[in-house]
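Below is one structure, written out as structure tokens; the observations come after it.
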Ligand SMILES: *Cc1c(COP(=O)(O)O)cnc(C)c1O
């Protein structure tokens, strides 16, 4: 069988979740939207269910998949409902629901619900994506209270630039949030992974770590929490062909790499159809037979080429780590001008193989 696969270390996932709780000191919703950033939402939720305070997903489809798999913990819908008719299912399955727009508030007011809801009321504190305008926030809170359809409200907002530690924007967003919530005696939730890892003074009763659960850092610079994260996914495959080329020979589509000396090239069963980024350039790090080496030439759909010239112990059948515990996804992301989030989410075709440690 094709040797490409993604190992998912569930012990590392639990370690990272505990780290998020430890450094924040508060309850943490494990963000497992988008199939747990490509790691498999059901298996990740099952691995965390004993310890997680709850989960967060993007939409009701993702939440229903978790309930169907037997997950009983609280599940927050980060975008709330898209149509008012979802409210019946939200009540039936006890989902927590973000309200980010006035139309959602009106829908709650106008819909009969069998049981009162838990609402996370989202403020647009400056990201300008979703969230209520500060001017509408207090009134929205009062209307939810008055609707008789809500038993609990958590106040939330989301940072646009928390991964930029020297940028004042996050502090400005906190100030907007604090002003908007004045006098409202409700729990609050502001912090995503970069804010958990880099903004310890931002208040929160609940944190919402995503990328850090998977062991990847949102920062380009060093970070003391990042050093304690354990990568969860190892994307690996094997060398399926080895060739020796003299100097001056092209490698792969478009002849984007030309040997500058006699070289040994390994062909790896991994390509952009697996989610490996096609635009990763020559020089992107890989690990082969335990040693760091580099990508050569263009990534094709099912294969890519790597340099074995200085890795004499590598040959046919050698294991190649594309990213994981040695080659960090953030290194590959940097080389390919993207972010680890997208590398993980783009994963496809390769089987996910779960392990503990
Ligand atoms: C995705 C998401 C998160 C998690 O973000 P990370 O950067 O992965 O930690 C937190 N909160 C909201 C509202 C999100 O959409």
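The values are calculated or read from the model by the stated rules, or taken from the named source; none is laboratory data. Keep in mind that what you see is a predicted model, and the values were worked out from it rather than measured. Glycine also receives a Cβ, built like all others from the backbone with ideal geometry; neighbour counts cover every protein chain displayed.
Key figures for this structure:
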item: Search result, residues across region 336-357 that are over 18 Å from residue 303 (Cα atoms) and surrounded by fewer than 19 Cβ atoms within 10 Å (Cβ to Cβ); result: 337, 338, 339, 342, 345, 352, 353, 354, 355, 356, 357
item: Residue within region 174-183 that is surrounded by fewer than 17 Cβ atoms within 10 Å (Cβ to Cβ), assigned by TED's automatic domain parsing to the domain that holds residue 74, more than 12 Å from the ligand (Cβ to nearest atom) and within 26 Å of residue 335 (Cα to Cα) present; result: no
item: Meets criteria (farther than 30 Å from residue 222 by Cα and in a loop (DSSP other than H, G, I, E, B)) for residue 112; result: yes
item: Unique residue being more than 13 Å from residue 24 (Cβ to Cβ) and away from the ligand (no atom under 15 Å from the Cβ) when the list is 239, 232; result: 239
item: Where residue 54 falls short, out of the listed (1) more than 22 Å from residue 321 (Cβ to Cβ); (2) surrounded by fewer than 19 Cβ atoms within 10 Å (Cβ to Cβ); (3) free of Cβ contacts under 8 Å to residues at least 60 places away in the same chain; (4) out of contact with any strand residue (DSSP E or B) (no Cβ under 6 Å at 6 or more places or on another chain); result: (4)
item: Test: residue in region 29-50 that is within 16 Å of the ligand (Cβ to nearest atom), assigned to a strand (DSSP E or B) and more than 12 Å from the chain's Cα centre (by Cα); result: yes
item: Identity of the residue in region 90-117, away from the ligand (no atom under 16 Å from the Cβ) and under 26 Å from the mean Cα position of the chain (by Cα), that ends up surrounded by the most Cβ atoms within 10 Å (Cβ to Cβ); result: 90
item: Boolean, residue 146 is free of Cβ contacts under 8 Å to residues at least 60 places away in the same chain and buried (at least 24 other Cβ atoms within 10 Å of the Cβ); result: no
item: Per-region count, region 120-143, residues in contact (Cβ under 8 Å) with a residue 12 or more places away in the chain, outside any loop (DSSP other than H, G, I, E, B) and over 21 Å from residue 201 (Cβ atoms); result: 11
item: Neighbours by Cβ (under 8 Å, 6+ apart or cross-chain): first from region 326-338, under 12 Å from residue 234 (Cβ atoms); second surrounded by fewer than 16 Cβ atoms within 10 Å (Cβ to Cβ); result: 326/292; 327/292
item: Filter result (under 16 Å from residue 206 (Cα atoms) and in contact (Cβ under 8 Å) with a residue 12 or more places away in the chain) within region 149-180; result: 152, 153, 154, 155, 156, 157, 158, 159, 174, 177
item: Given (1) over 16 Å from residue 263 (Cα atoms); (2) at pLDDT 95 or above, index of the condition residue 357 fails; result: (2)
item: Which numbered condition residue 28 misses (of (1) free of Cβ contacts under 8 Å to residues at least 60 places away in the same chain; (2) touching a helix residue (DSSP H, G or I) at 6+ places or on another chain (Cβ under 7 Å); (3) closer than 22 Å to residue 120 by Cα); result: (1)
item: Region 149-173, subset closer than 22 Å to residue 28 by Cα and loosely packed, with under 15 Cβ neighbours inside 10 Å, residue farthest from the ligand (Cβ to nearest atom); result: 151
item: Residue, farthest from residue 154 (Cα to Cα), within region 198-227, restricted to residues that are touching a helix residue (DSSP H, G or I) at 6+ places or on another chain (Cβ under 6 Å) and part of a helix (DSSP H, G or I); result: 214
